[in-house]
1. Report the per residue volume, in Å³, of the convex hull enclosing the C-alpha atoms of the stretch 48-108.
2. Using only the Cα atoms of the chain, what are the Rg and Dmax in Å?
3. Considering only protein heavy atoms, what per residue accessible area in square angstrom results for the chain with a 1.4 angstrom probe?
4. Which angle from 0 to 90°, rounded to the nearest 10, does the C-alpha axis of helix 65-77 make with the longest principal axis of the chain?
5. Measure nothing but the geometry: give the 0 to 90° angle between the long axis through the Cα atoms of 96-108 and the longest principal axis through the Cα atoms of the chain, rounded to 10°.
Amino acid sequence: VYSATLRRVEASVQLALTTDSGCVLSANSVQSLPRGDLGPAADRCCAKLRGELLALLESGACACEHTADQLIVFMALAGGTSRLRAPPAAALSSLHLPTAVHFAERLSGATFRITESEDGCQLVECDGVGARARPAPLLE
(Lines give C-alpha, C1' and ligand atoms only; values in the text may rest on other atoms or scores of the structure.)
Protein backbone atom coordinates (compact mmCIF):
# COMPACT_ATOMS: atom_id res chain seq x y z
CA VAL A 1 0.00 0.00 0.00
CA TYR A 2 1.52 3.32 -1.03
CA SER A 3 0.21 6.84 -0.69
CA ALA A 4 1.98 10.18 -0.95
CA THR A 5 0.19 11.29 2.24
CA LEU A 6 1.27 8.28 4.29
CA ARG A 7 4.51 8.40 6.24
CA ARG A 8 4.97 4.63 6.04
CA VAL A 9 4.51 1.92 3.42
CA GLU A 10 3.16 -1.54 4.21
CA ALA A 11 5.42 -4.05 2.49
CA SER A 12 5.24 -7.82 2.16
CA VAL A 13 8.30 -9.82 1.15
CA GLN A 14 8.36 -13.55 0.34
CA LEU A 15 11.57 -15.43 -0.44
CA ALA A 16 11.56 -19.05 -1.57
CA LEU A 17 14.32 -21.55 -2.17
CA THR A 18 13.97 -24.91 -3.94
CA THR A 19 16.46 -27.61 -2.89
CA ASP A 20 17.99 -30.21 -5.19
CA SER A 21 15.44 -32.71 -3.84
CA GLY A 22 12.50 -30.44 -4.74
CA CYS A 23 11.72 -29.22 -1.21
CA VAL A 24 10.53 -25.60 -1.23
CA LEU A 25 11.58 -23.59 1.82
CA SER A 26 10.32 -20.07 2.38
CA ALA A 27 10.65 -17.05 4.61
CA ASN A 28 8.35 -14.05 4.66
CA SER A 29 7.72 -10.78 6.41
CA VAL A 30 5.12 -8.04 6.48
CA GLN A 31 6.51 -4.74 7.67
CA SER A 32 5.65 -1.10 7.91
CA LEU A 33 8.58 0.72 6.31
CA PRO A 34 9.37 4.43 6.50
CA ARG A 35 8.47 6.08 3.19
CA GLY A 36 11.67 8.12 2.92
CA ASP A 37 13.88 5.11 3.71
CA LEU A 38 12.07 2.55 1.57
CA GLY A 39 15.01 1.17 -0.44
CA PRO A 40 17.47 0.66 2.44
CA ALA A 41 14.70 -0.60 4.76
CA ALA A 42 13.56 -3.12 2.13
CA ASP A 43 17.17 -4.22 1.65
CA ARG A 44 17.54 -4.82 5.41
CA CYS A 45 14.28 -6.80 5.46
CA CYS A 46 15.41 -8.97 2.54
CA ALA A 47 18.85 -9.53 4.11
CA LYS A 48 17.17 -10.67 7.35
CA LEU A 49 14.89 -13.07 5.46
CA ARG A 50 17.83 -14.38 3.43
CA GLY A 51 19.63 -15.18 6.69
CA GLU A 52 16.55 -16.97 8.06
CA LEU A 53 16.20 -18.98 4.85
CA LEU A 54 19.86 -20.01 4.80
CA ALA A 55 19.70 -21.00 8.50
CA LEU A 56 16.64 -23.14 7.74
CA LEU A 57 18.44 -24.79 4.82
CA GLU A 58 21.53 -25.48 6.91
CA SER A 59 19.44 -26.92 9.77
CA GLY A 60 18.16 -29.78 7.60
CA ALA A 61 14.53 -29.11 8.53
CA CYS A 62 11.87 -29.61 5.86
CA ALA A 63 9.72 -26.68 7.01
CA CYS A 64 10.19 -23.47 8.98
CA GLU A 65 8.73 -23.29 12.48
CA HIS A 66 5.69 -21.33 11.26
CA THR A 67 4.82 -23.92 8.62
CA ALA A 68 5.61 -26.85 10.93
CA ASP A 69 3.04 -25.82 13.52
CA GLN A 70 0.39 -25.55 10.79
CA LEU A 71 1.08 -29.12 9.63
CA ILE A 72 0.41 -30.64 13.08
CA VAL A 73 -3.37 -30.76 12.65
CA PHE A 74 -3.05 -32.62 9.33
CA MET A 75 -0.65 -35.12 10.90
CA ALA A 76 -3.17 -35.72 13.71
CA LEU A 77 -6.04 -36.34 11.29
CA ALA A 78 -4.09 -38.52 8.83
CA GLY A 79 -4.02 -42.29 9.09
CA GLY A 80 -0.80 -44.09 9.98
CA THR A 81 2.45 -42.50 11.11
CA SER A 82 3.49 -39.09 9.82
CA ARG A 83 6.97 -37.64 10.24
CA LEU A 84 8.20 -34.05 10.06
CA ARG A 85 11.70 -32.60 10.45
CA ALA A 86 11.28 -29.30 12.27
CA PRO A 87 14.01 -26.78 13.11
CA PRO A 88 16.04 -27.37 16.28
CA ALA A 89 14.20 -26.42 19.48
CA ALA A 90 16.86 -23.83 20.32
CA ALA A 91 16.18 -22.06 17.00
CA LEU A 92 12.44 -21.62 17.58
CA SER A 93 11.16 -18.10 18.23
CA SER A 94 7.89 -19.22 19.84
CA LEU A 95 6.13 -22.11 21.54
CA HIS A 96 3.70 -22.56 18.63
CA LEU A 97 4.96 -26.03 17.67
CA PRO A 98 4.71 -27.66 21.14
CA THR A 99 1.42 -25.85 21.74
CA ALA A 100 -0.03 -27.16 18.46
CA VAL A 101 1.08 -30.70 19.39
CA HIS A 102 -0.45 -30.36 22.87
CA PHE A 103 -3.87 -29.34 21.59
CA ALA A 104 -3.87 -31.70 18.59
CA GLU A 105 -3.28 -34.65 20.94
CA ARG A 106 -6.07 -33.63 23.28
CA LEU A 107 -8.61 -32.73 20.62
CA SER A 108 -8.02 -35.62 18.20
CA GLY A 109 -6.66 -38.48 20.28
CA ALA A 110 -3.56 -38.72 18.07
CA THR A 111 -0.23 -39.62 19.67
CA PHE A 112 2.82 -37.42 19.06
CA ARG A 113 6.50 -37.97 19.79
CA ILE A 114 9.14 -35.26 19.49
CA THR A 115 12.77 -36.37 19.56
CA GLU A 116 16.01 -34.70 18.60
CA SER A 117 17.74 -36.09 15.52
CA GLU A 118 21.51 -36.44 15.29
CA ASP A 119 21.82 -33.13 13.44
CA GLY A 120 19.77 -31.24 16.05
CA CYS A 121 16.49 -31.03 14.16
CA GLN A 122 13.33 -32.03 15.95
CA LEU A 123 11.74 -35.17 14.55
CA VAL A 124 8.00 -34.89 15.07
CA GLU A 125 6.19 -38.22 14.67
CA CYS A 126 2.46 -38.70 14.90
CA ASP A 127 0.24 -41.76 14.96
CA GLY A 128 -2.79 -40.14 13.38
CA VAL A 129 -6.42 -41.03 13.95
CA GLY A 130 -7.30 -41.69 10.30
CA ALA A 131 -10.22 -39.27 10.27
CA ARG A 132 -12.75 -39.66 7.47
CA ALA A 133 -15.11 -37.02 6.19
CA ARG A 134 -18.78 -37.79 6.63
CA PRO A 135 -21.09 -37.11 3.73
CA ALA A 136 -23.08 -33.94 4.14
CA PRO A 137 -26.77 -34.50 4.81
CA LEU A 138 -29.05 -33.93 1.85
CA LEU A 139 -31.25 -30.88 2.11
CA GLU A 140 -34.84 -31.32 1.09
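1. Working: hull volume 4.8 nm³, N = 61.
Considering the Cα atoms of the stretch 48-108, their hull volume per residue is 78 Å³.
2. 19.5, 61
3. Numbers: 9310 Å² over 140 residues.
Using a 1.4 Å probe on heavy atoms only, each residue of the chain averages 66 Å².
4. 20
5. The two axes meet at around 30 degrees.
The values are calculated or read from the model by the stated rules, or taken from the named source; none is laboratory data. The structure displayed is predicted, hence computed values, not measured ones. Each accessible area value is taken on the protein alone, full model and side chains, heavy atoms only, with ligands, DNA and RNA left out. Shrake-Rupley method; radii C 1.70, N 1.55, O 1.52, S 1.80 Å.
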